[in-house]
Amino acid sequence: MLQARTIEIIKSTVPVLEVHGEAITSRFYQLLFTKHPELLNIFNHANQKKGRQQAALANAVYAAAANIDKLEMIIPVVKQIAHKHRSLGVKPEHYPVVGENLLQAIKDVLGDAATGEIINAWAEAYGVIADAFIGVERDMYEAAEQQKGGWEGFRAFVVAEKVEESSVITSFYLKPQDGGPIAEFNPGQYVSVKMEIPGETNTHIRQYSLSDSPGKEHYRISVKKEAGLISPDGIVSVYLHEGVKAGDVLNLSAPAGDFYLDTESAKPAVLISGGVGLTPMVSMLKTAVEKQPEREVTFIHAAINGQTHALKDEVKKVAEVAENISTYFVYEKPLEEDFGYDQTGYIDEAWLRKVLPLNKEAEYYFCGPVPFMQAINHALQELNIKKENIHFEFFGPASDLEKEKVNA
Ligand SMILES: Cc1cc2nc3c(=O)[nH]c(=O)nc-3n(C[C@H](O)[C@H](O)[C@H](O)COP(=O)(O)OP(=O)(O)OC[C@H]3O[C@@H](n4cnc5c(N)ncnc54)[C@H](O)[C@@H]3O)c2cc1C
Ligand code: HEM
């Protein structure tokens, strides 16, 4: 337990650190990677360059510190981060390394203002926060390994099949090289893929949502090729598209994540996706049809046009067999040859009003590019959807959807 004086110091210095947040975390990562270059194997370099991860870690530390006397309040957030940490392979021994360099960064940026008393208080608080994460992650590591078909760390999977789903999205069907069973997962969860790419000094880990329903002999991921037009090419997605072929091996950690369809709920499910954000939604749709055939599902997908629209036939086929499934496709800029779409332009509140089951309490799930997610979140709020019925996933570090500007 922290002393009252320590809590007081922490709470009064959180706003100061927030002001210097960016400078502290930039300095922190500089120190961390200079002293521990091996950690470049687990951190995402593009997120680093774009400042996304800096903001995420800083905000989480300050949010935790502001709640230091009631950490149980932030357990849901800790769990979401812990899923990501477990999936990446973050271990208890990493925490003191992060703590030491964070404190050093605070000292470097604040200079004399960071008195011994303040530094000691933060060292103690960080220890308490780190213990909360370590405890939650320990349980997650045990569960991932001990479940039927589960495993520890990364396991080798063979690419059984590679299927082009659209001009930009390709699916990979993955089977374990050891021939053993694979763990069940909740529809909406992701796996981390650890890649060794020729010419790259470090390994690169990325998350991919499982796009098929659970209970099969394979996992399927569907990956968008992030070819950079102005910015550099996406390292892993471009290599998966261009360098990986059937028969090659990918290393996967066990499924993770707290964004998934609640199959215990009988409420109608509304699944809204933009672009490659459809991957968890297809898994949810297929699972609902298989496990909850009576459940009402509204599946809405926005794509640029028919060429970039992935898994269209698969979704239509699943929906065809059940009367309680409605699908809607929205094309931003349809091509002349496009057909079978319901709306042109962007999804907006007026159109949602026409297609959503607003007369019933439903669970809403959405995923897509950050501006798309902001628009959907805003529209759902305008439609008075209760916060507890709104669930979403970021395909990058989580940020605040309600802020005007987000680092996209
Ligand atoms: C929970 C979760 C689930 C996900 N599920 C899926 C999924 O199902 N399918 C899918 O395709 N993706 C998914 N993603 C995204 C995926 O993990 C990767 O982020 C994505 O494939 C891009 O990785 P990359 O290595 O190709 O690109 P990176 O090399 O990580 O680059 C990312 C982007 O940043 C740009 N960039 C790189 N360097 C710079 C720079 N210096 N300045 C500015 N811009 C730069 C690149 O052009 C690229 O667009 C998911 C992510 C999460 C967190
Ligand atoms: C109490 C300490 C820590 C806090 C509060 C914290 C917080 C966070 C947050 C908020 C994210 C973003 C989650 C998301 O994707 O939404 C994150 C991701 C991550 N964390 Fe931590 N973290 C801590 C400790 C650590 C440690 C000890 C390591 C290992 C060295 C680590 C490695 C990572 C990595 C690799 C990512 C993903 C980054 C990326 O790929 O861009 N974290 N963490």
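The values are calculated or read from the model by the stated rules, or taken from the named source; none is laboratory data. Since the model is a prediction, treat every value here as computed from it, not as a measurement. Glycine gets a Cβ as well: all are built from the backbone with ideal geometry, and neighbour counts include every protein chain shown. The protein model used for the area step is the full one, side chains on, heavy atoms only, and it has no ligands, DNA or RNA in it. Shrake-Rupley method; radii C 1.70, N 1.55, O 1.52, S 1.80 Å.
Things worth noting here:
- Residue that is surrounded by the fewest Cβ atoms within 10 Å (Cβ to Cβ), among those in region 6-22 that are more than 28 Å from the chain's Cα centre (by Cα) and closer than 17 Å to Asp108 by Cα: Val16
- Members of region 296-333 that are assigned to a loop (DSSP other than H, G, I, E, B) and surrounded by fewer than 20 Cβ atoms within 10 Å (Cβ to Cβ): Glu296, Ile304, Asn305, Gly306, Gln307, Thr308, Val321, Ala322, Glu323, Asn324, Glu332, Lys333
- Region 28-47, residues that are touching a residue at least 12 places away in the same chain (Cβ under 8 Å), assigned to a helix (DSSP H, G or I) and farther than 19 Å from Leu103 by Cα: Leu40, Asn41, His45, Ala46, Asn47
- Residue that is modelled with the highest pLDDT [pool: residues in region 28-62 that are touching a helix residue (DSSP H, G or I) at 6+ places or on another chain (Cβ under 8 Å) and β-branched (Val, Ile, Thr)]: Ile42
- Conditions (1) away from ligand 2 (no atom under 16 Å from the Cβ); (2) in contact (Cβ under 8 Å) with a residue 12 or more places away in the chain; (3) of a type in the set (A, V, I, L, M, F, W, C); (4) not in a helix (DSSP H, G or I): number failed by Phe259: (1)
- The listed residue being at pLDDT below 95, of a type in the set (D, E, K, R) and in contact with a helix residue (DSSP H, G or I) (Cβ under 6 Å, 6 or more places away or on another chain), out of Glu124, Glu117: Glu124
- Region 77-117, subset open to solvent by 50 Å² or more (accessible area, probe 1.4 Å) and within 16 Å of ligand 1 (Cβ to nearest atom), residue nearest to Glu145 (Cα to Cα): Lys84
- Test: residue in region 353-360 that is surrounded by 15 or more Cβ atoms within 10 Å (Cβ to Cβ) and part of a strand (DSSP E or B): no
- Filter result for the condition that a residue is touching a helix residue (DSSP H, G or I) at 6+ places or on another chain (Cβ under 8 Å), β-branched (Val, Ile, Thr) and open to solvent by 10 Å² or more (accessible area, probe 1.4 Å), over Val289, Val249: Val289
- Here region 127-141 is the region considered, the condition is being touching a residue at least 60 places away in the same chain (Cβ under 8 Å) and within 20 Å of the chain's Cα centre (by Cα), and the residue that is nearest to ligand 2 (Cβ to nearest atom) is Val136.
- Answer residue from region 260-306, given it is among the aliphatic types (A, V, I, L, M) and farther than 27 Å from Phe339 by Cα and is modelled with the lowest pLDDT among those: Ala266
- Residue within region 174-195 that is within 16 Å of ligand 1 (Cβ to nearest atom), more than 26 Å from Phe259 (Cβ to Cβ) and either in contact with a His (Cβ under 7 Å, 6 or more places away or on another chain) or basic (Lys, Arg) (or both) present: no
- Screening region 63-80 for residues that are near ligand 2 (Cβ under 9 Å from one of its atoms) and either among the small types (Gly, Ala, Ser) or closer than 24 Å to Lys35 by Cα (or both) and picking the one that is modelled with the lowest pLDDT gives Ala63.
- Screening Phe372, Phe339 for residues that are more than 16 Å from ligand 2 (Cβ to nearest atom), under 23 Å from Gly306 (Cα atoms) and under 26 Å from the mean Cα position of the chain (by Cα) leaves exactly one candidate, Phe372.
- Pairs where the first residue, in region 1-19, is within 17 Å of Ala130 (Cα to Cα) and the second is among the acidic types (Asp, Glu), C-beta under 7 Å, 6+ apart: Leu2/Glu124; Thr6/Glu124; Ile7/Asp69
- The criterion of being more than 16 Å from ligand 1 (Cβ to nearest atom) and of a type in the set (Phe, Trp, Tyr) does not hold for Tyr365.
- Within region 179-201, restricting attention to residues that are open to solvent by 20 Å² or more (accessible area, probe 1.4 Å) and in contact with a Ser or Thr (Cβ under 6 Å, 6 or more places away or on another chain), the residue that is nearest to Glu363 (Cα to Cα) is Lys194.
- Residue check: Ala144 meets all listed conditions (1) within 16 Å of ligand 2 (Cβ to nearest atom); (2) under 23 Å from the mean Cα position of the chain (by Cα) but one, namely (1).
- Per the listing His391, His378, the residue uniquely within 16 Å of ligand 2 (Cβ to nearest atom), open to solvent by 20 Å² or more (accessible area, probe 1.4 Å) and closer than 28 Å to Asn59 by Cβ is His391.
- Qualifying residue in region 176-195 (condition: in contact with a helix residue (DSSP H, G or I) (Cβ under 6 Å, 6 or more places away or on another chain), under 30 Å from Met140 (Cα atoms), within 16 Å of ligand 2 (Cβ to nearest atom) and not small (Gly, Ala, Ser)): yes
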